[in-house]
Amino acid sequence: MIRNAVILAVTVAVLLSLAAMAQDEHKGEISLQGMVFVTKSATNVNGTSYKATQSGGVLGTYRYHFGPNISAELAYGFARDTQKYLLSSESFRIQSQVHQVTLGLVVNVAHPKKFTPYILVGGGMVLFAPSGNQLNYISGAQTQGKGALVYGGGINYPLQKNFFFRAEYRGLLYAPPNFGFGGLSANSITHSAEPSIGLSYRF
């Protein structure tokens, strides 16, 4: 399932890139960013609490520029962290790989000549895949996807022709995973913050 999601994201990005190059130059833009992945804790009315460890990750994006101010973006991100649950007097830990695939709309706002600030909004999925090598790992934990809303903003700063430095913040809103165990459901919404920096190339 994870492999299929990655293959799909890469295939769509490649097809969009080819279509962009065939129609007009400098319509496409790719980026690679290093990010920090920080998730807010959540608590259910029945007392079940959820939190996740902080971790680092990578984020790759493809943008198609319809004009100077509007772009469509396909993004894929990866991180690895540990999901922690406290249920009554028992605690559970599940280490997992966290994959995210989102589609969004990017709007460039008024800017000086030296850099381009932008805002973004969209949606997609966050996929949690248990790694199975963490203390107190629960046998039988299942890979689970959660629908997500994404928002954020950042800046592109020109370095050389077609190359840009990118600094970005994006946030994800989604329901915490329970890995197929109803007793671990937080029945609430959590938020993951993803500040990142990297490079982008426009073609």
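In segment 155-197, which residues are crowded, with 17+ Cβ neighbours inside 10 Å and at positive phi?
179
Looking for whichever is without any contact (Cβ under 8 Å) to a residue 60 or more places away in the chain, among the small types (Gly, Ala, Ser) and over 16 Å from residue 100 (Cα atoms) here; the options are 123, 147, 140, 198. Which one fits?
140
Being outside any strand (DSSP E or B) and within 22 Å of residue 54 (Cβ to Cβ) narrows it down to one residue among 197, 138; which is it?
Within the list 197, 138, the selection yields 138.
What residue, among those in segment 41-59 that are within 19 Å of the chain's Cα centre (by Cα) and surrounded by fewer than 17 Cβ atoms within 10 Å (Cβ to Cβ), is modelled with the lowest pLDDT?
Here the answer is 41.
Just for segment 59-99: of the residues that are out of contact with any Lys or Arg (no Cβ under 7 Å at 6 or more places or on another chain) and among the aromatic types (Phe, Trp, Tyr), which one is farthest from residue 124 (Cα to Cα)?
Step by step, filter segment 59-99, then rank; the result is 92.
Go through segment 172-194 residue by residue and tally those that are in contact (Cβ under 8 Å) with a residue 24 or more places away in the chain and either of a type in the set (Asp, Glu) or in a helix (DSSP H, G or I) (or both).
The qualifying residues number 3.
How many of the residues making up segment 50-72 are of a type in the set (D, E, K, R) and over 27 Å from residue 111 (Cα atoms)?
Number of matching residues: 1.
Say we look at segment 60-116 and pick out the residues that are under 30 Å from residue 48 (Cβ atoms), without any contact (Cβ under 8 Å) to a residue 40 or more places away in the chain and charged (D, E, K, R); which of these is surrounded by the fewest Cβ atoms within 10 Å (Cβ to Cβ)?
This residue is 90.
Take the conditions under 23 Å from residue 34 (Cβ atoms), free of Cβ contacts under 8 Å to residues at least 40 places away in the same chain and in contact with a Phe, Trp or Tyr (Cβ under 9 Å, 6 or more places away or on another chain) and apply them to residue 167. Does it pass?
It is true that residue 167 is under 23 Å from residue 34 (Cβ atoms), free of Cβ contacts under 8 Å to residues at least 40 places away in the same chain and in contact with a Phe, Trp or Tyr (Cβ under 9 Å, 6 or more places away or on another chain).
Regarding segment 144-157, can at least one residue be identified that is more than 20 Å from residue 41 (Cα to Cα), among the aliphatic types (A, V, I, L, M) and either at pLDDT 95 or above or touching a Phe, Trp or Tyr at 6+ places or on another chain (Cβ under 9 Å) (or both)?
Within segment 144-157 (the criterion being more than 20 Å from residue 41 (Cα to Cα), among the aliphatic types (A, V, I, L, M) and either at pLDDT 95 or above or touching a Phe, Trp or Tyr at 6+ places or on another chain (Cβ under 9 Å) (or both)), the answer is yes, since at least one residue qualifies.
The values are calculated or read from the model by the stated rules, or taken from the named source; none is laboratory data. Everything numeric in this text was worked out from a predicted model, so none of it was measured. All Cβ positions, even for glycine, are placed from backbone atoms using ideal geometry, and neighbour counts span all protein chains on display.
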